[in-house]
Amino acid sequence: MDVIIVAACMVGAYLLGSIPFGWLIGKARGVDIREHGSRNIGATNCWRVCGWPYGLAAFVLDVAKGFFPVWLTVGWFGLYFSPFHRTDWADDKIYWLVVVLTAAAAIAGHVFPVWLGFKGGKAVATSLGVLLALPMLGWLALGAFGVWIVVVLITRYVSVASSVAAIAFAAGYLWLERGEAWNTYLPVTVFVVLLVAIVLVRHRSNYARLMKGAENKLWGGKKSPRPGRNP
């Protein structure tokens with residue numbers, strides 16, 4: 001396999017993942033969302049600071065920047081393996097390793113964006129996009145998103161919903177794919193475990209605020225300044 005092509009996929013995924021859509025939307029609205037709310041560049045803080053239509057737009061764009069590089073890699077290397085090498089590419093660990101390296105690069109781009117001094121967001125939306133693009137994980141990712149919605153509606157805490165959804169997703173994957181998780185899909189399994197660990201670690205400050213009763217709710221809690229208001 002051409003290492004240059006693999007590297008190009010990873011670099012492209014990282015640069016796309018680095019685009020800080022939440023921050024860009026905030027700047028277009030005349031506010032730096034890093035100075036308000038949770039000071040995070042992600043869709044949730046964009047929602048709090050700029051309003052739900054802008055937060056929803058940031059969420060969709062963050063999902064898309066995770067989805068498309070992985071989706072393209074799945075398709076591209078599927079074609080690469082099949083006509084020129086072998087037809088059982090979907091059963092090849094090297095194939096899935098290349099795919100998950102691209103997926104990891106897209107997530108790393110959001111968490112460590114080159115455009116913002118490598119200080120990014122928690123990558124929940126981007127991770128959702130990545131998981132939706134992986135054939136064996138797409139429906140599980142949608143199920144985890146459903147869990148996220150339910151927990152948000154009950155608690156109004158995005159941090160709690162993201163953590164519960166991540167754990168539910170990992171548990172569902174390890175159960176449903178138990179036949180292949182530690183065999184053909186081993187690179188995917190390692191990726192899933194590390195991804196859930198990253199999501200939980202990236203929310204450690206939220207857990208501290210939850211313990212103190214100071215965590216921001218998505219709605220109905222402390223209001224963040226909107227563009228045009230005094231901070």
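The values are calculated or read from the model by the stated rules, or taken from the named source; none is laboratory data. Here the structure is a predicted model, which is why all the values come from computation and not from measurement. Here Cβ is always computed from backbone atoms with ideal geometry, including for glycine, and neighbour counts include all displayed protein chains.
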Item to check | Those residues of segment 121-137 which are at pLDDT below 90 and of a type in the set (G, A, S), in sequence order | outcome: G121, A123
Checklist outcome for this item: In the set F191, F118, the lone residue that is of a type in the set (A, V, I, L, M, F, W, C), touching a helix residue (DSSP H, G or I) at 6+ places or on another chain (Cβ under 9 Å) and not in a helix (DSSP H, G or I) is F118
Checklist entry - Is it fair to say A90 is hydrophobic (A, V, I, L, M, F, W, C) and at pLDDT below 95? => result yes
Checklist entry - Does segment 133-155 contain any residue that is surrounded by fewer than 18 Cβ atoms within 10 Å (Cβ to Cβ) and among the polar types (S, T, N, Q)? => result yes
Checklist entry - Can you name the condition, by its number, that G22 falls short on among (1) out of contact with any Leu (no Cβ under 8 Å at 6 or more places or on another chain); (2) modelled with pLDDT under 95; (3) under 24 Å from V158 (Cβ atoms)? => result (2)
Item to check | Test: residue in segment 213-222 that is at pLDDT 90 or above, out of contact with any Phe, Trp or Tyr (no Cβ under 9 Å at 6 or more places or on another chain) and either of a type outside the set (S, T, Y) or in a loop (DSSP other than H, G, I, E, B) (or both) | outcome: no
Checklist entry - So S162 fits all but one of (1) of a type outside the set (A, V, I, L, M); (2) over 13 Å from L195 (Cα atoms); (3) at pLDDT 85 or above; (4) surrounded by 21 or more Cβ atoms within 10 Å (Cβ to Cβ); what number is the exception? => result (2)
